[in-house]
Amino acid sequence: MKLTLSSVDDLSARVEEARAEYDRHYPGLPDQRRPVHTLYVPADRFTATTPADLGKEALRLLETHVADGAAAAGAFGIDAALAETVRERVAAKLTREPVEDLRIDFEDGYGVRDDAEEDGHVAAAVEAVAQAYETRSLPYYWGLRVKSFADGGHGRAMRTLDGFLTGLAERLGRLPGGFVVTFPKIVTPEHVRIFADFLTRFEAEIGLPEGLLRLEIQIETPQSIARLPEVVSAAGDRLSSAQFGVHDYTAACGLPPSEQRLDHPACDHARHVMQVALAGTGIRLSDGATRIAPAGEDTKDVHKAWRLHAGLVRYSLMHGFQQGCDLEVAQLPSRYAAVYAFLLSGLDDTLDRLRAHRAGRSDATVDGPAAVAALTARLRHAVDCGAVDRDDVRDLIG
């Protein structure tokens, strides 16, 4: 080498600094469970038994309208070879854990109420969450969606969250794990920065550890897509997830009501911007919601709605969004059916590749470390959500 040792050392130190800076910004997804959906429940309808009640109703719909594997294949538009297994596992899921991630909604699903009424629903939500926690029926992930700062709801948003968390601290003496607060309709990064500052001040006020309160942003305006890196920076280390909002986004883009749909090209663009901006950051991506659900109990109509919803779930999965939003109890069977069929498709190939890697084979068919990590993460996700039995793959995931 022609360069002096001191020059090489200086350049090497700069390489290490650049790598450390990259690792700070792009740590990768945390090694924790990823939910397959978020279910929104209006705050005035949430009770301690809501998750179990929704599971019972979803299971009733499944058993009423999907008697066997053949019916499941038609109802959800899934591979007939997987349909019986999918049906059995969806039924088990709806019995055991019907809701993976739940938002008590004080925004669009709740509407505008006077302060006294909303305060009353805040107090009722505190008691319902406390009872669910004490009976171990609170979903693995859960939280609140507060009102937007964009339309003058900032005072009410802070009052609701303050009242809820203060009440829960008094009732339980702690904040149950898995909590996140959803911040909607972002039009400027400064609103996110202010809300994050509110969370910091609130933690200090009631003695919570700094950074305990996690934040989820809803990306549902053109402004939030155009300035997404700034929005993410404004949220800071609190940011756990970013959720796409289909209807507000498409309406803001000027699309007519008939085109305000999850699979519109305008939504594809927004999702791809989110993917590029957030890839490797550790921030979970979640797709938006649709109102597609059966209007009644006619089996043909139920199947039609389920096929449409399951198709949109598959569309999200194909675009790399492993999580989506549900608004109706009738969407739970089609959500899980589509996710399970997606994860079970190609499962044998995944298992063969991972076992080949574990066996230490060195031929060209064995995957490299990056591919193995991705396959293992997919398998763990399948186990966590109930698509695959842990005992069947314990040798691969521990």
Listed residues A75, A130, A373; largest mean-square fluctuation, Gaussian network over the chain with Cα springs below 10 Å, found at A373
For the stretch 1-57, the Debye formula with one identical point scatterer on each Cα and no solvent gives log10 I(q)/I(0) at q = 0.16, 0.26, 0.28, 0.29 Å⁻¹ as -0.75, -1.06, -1.10, -1.12
Within the stretch 15-49, the residues whose backbone N lies under 18 Å from a label point placed 7 Å from the Cα of A279 along the Cα-to-Cβ direction are 22-30
Placing each pseudo-label 7 Å from Cα in the direction of the beta carbon, E88 and L11 end up separated by a distance in nanometres of 6.2
In Å³ per residue, the alpha-carbon convex hull of the stretch 43-181 encloses 125
Partner lysines whose C-alpha sits under 25 Å from that of K304, ignoring same-chain residues fewer than 8 away, are K56, K93
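Which longest run of the chain has no exposed loop site in it, a site being GluC sites (Glu not before Pro) in a DSSP loop with at most 16 other beta carbons within 10 Å, and the site itself not part of the run?
Numbers: sites that count: E210, E297.
Formally, the longest exposed-site-free interval is 1-209.
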Candidate cut points under trypsin sites (Lys or Arg not before Pro) in the stretch 338-398, DSSP loop plus at most 16 other Cβ atoms within 10 Å of their own Cβ, are R361
Mean projected area (nm²) from the convex hull of Cα positions in the stretch 113-262 is 9.7
When the charge dipole of the chain is computed with +1 at the Cβ of Lys and Arg and -1 at the Cβ of Asp and Glu, the Cα pointing farthest to the positive end, of F195, C267, L213, is that of C267
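Take the alpha carbon gyration tensor of the stretch 1-123, find the square roots of its eigenvalues, order them as a ≥ b ≥ c, and report rounded if a/c is under 1.5; if not, report prolate when a/b exceeds b/c, else oblate.
Numbers: a/c = 4.60, a/b = 1.68, b/c = 2.74.
In terms of gyration-tensor shape, oblate.
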For the stretch 52-167 the mean separation of alpha carbon contacts under 8 Å (6+ apart) over residue count, i.e. relative contact order in percent, is 26
The ³J(HN,Hα) series, computed from each phi in the stretch 150-165 with the Karplus coefficients 6.51, -1.76 and 1.60 at θ = phi - 60°, rounded to the nearest Hz and given as x for glycine or proline, is 6, 10, x, x, 5, x, 5, 4, 5, 5, 5, 5, 4, x, 5, 5
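Using the heavy atoms of the protein chains and a 1.4 angstrom probe, tell me the accessible area per residue for the stretch 85-127 in square angstrom. Spell out each step's value before the answer.
Values: 1670 Å² over 43 residues.
It amounts to 39 Å² per residue over the stretch 85-127.
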The ³J(HN,Hα) series, computed from each phi in the stretch 168-174 with the Karplus coefficients 6.51, -1.76 and 1.60 at θ = phi - 60°, rounded to the nearest Hz and given as x for glycine or proline, is 5, 4, 5, 7, 10, x, 6
Once amide hydrogens are built 1.01 Å from N within the peptide plane, the residues lying 5 or more places from T221 or on another chain with amide H under 5 Å from its amide H are I186
Hull surface over four for the Cα convex hull of the stretch 241-359, reported in nm², is 9.3
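Using Cα pairs closer than 8 Å and at least 6 residues apart in sequence, work out the relative contact order for the stretch 304-398, in percent.
Values: 54 pairs, mean separation 23.8, N = 95.
The value is 25 percent.
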Counting only residues 5 or more apart in sequence or on a different chain, those whose built amide H sits under 5 Å from that of L239 are L215
In whole percent, the fraction of accessible protein surface over the stretch 223-337 that belongs to carbon or sulfur atoms, probe radius 1.4 Å, stands at 55
Placing one equal point scatterer on each C-alpha of the chain and summing with Debye, one gets log10 I(q)/I(0) at q = 0.06, 0.13 Å⁻¹ equal to -0.27, -1.18
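Sequence gap at least 6, Cα distance under 8 Å: using those rules, report the relative contact order of the stretch 283-331 to the nearest whole percent. Let's see the in-between values first.
On the way: 53 pairs, mean separation 25.1, N = 49.
Relative CO of the stretch 283-331 lands at 51 percent.
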Checking D162, D352, D237 against a Gaussian network model of the chain (alpha-carbon springs below 10 Å), the top fluctuating residue turns out to be D352
Per-residue ellipticity at 222 nm attributable to helices in the chain (runs of n ≥ 4 DSSP H, -39500 (n - 2.57) apiece, nearest 500 deg cm²/dmol) works out to -18000 deg cm²/dmol
Going residue by residue through the stretch 251-258, the Karplus relation 6.51 cos²θ - 1.76 cosθ + 1.60 with θ = phi - 60° gives ³J(HN,Hα) values, rounded to whole Hz and with x marking Gly or Pro, of 5, 5, 7, x, 6, x, x, 5
Once the dipole of the chain is set up from charges on Cβ (+1 Lys and Arg, -1 Asp and Glu), the residue from the list A83, A310, Q323 lying farthest towards its positive end is A83
Shape call for the stretch 152-191, from the Cα gyration tensor axes a ≥ b ≥ c (a/c under 1.5 means rounded, otherwise prolate when a/b beats b/c, else oblate), comes out oblate
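The values are calculated or read from the model by the stated rules, or taken from the named source; none is laboratory data. Quantities reported herein were computed from a predicted structural model and do not represent experimental measurements. Neighbour counts are summed over all protein chains in view; Cβ atoms, including those assigned to glycine, are modelled from backbone coordinates with ideal geometry. Side chains are part of the model used for accessible areas, which takes the heavy atoms of the whole protein and leaves out ligands, DNA and RNA. Shrake-Rupley method; radii C 1.70, N 1.55, O 1.52, S 1.80 Å.
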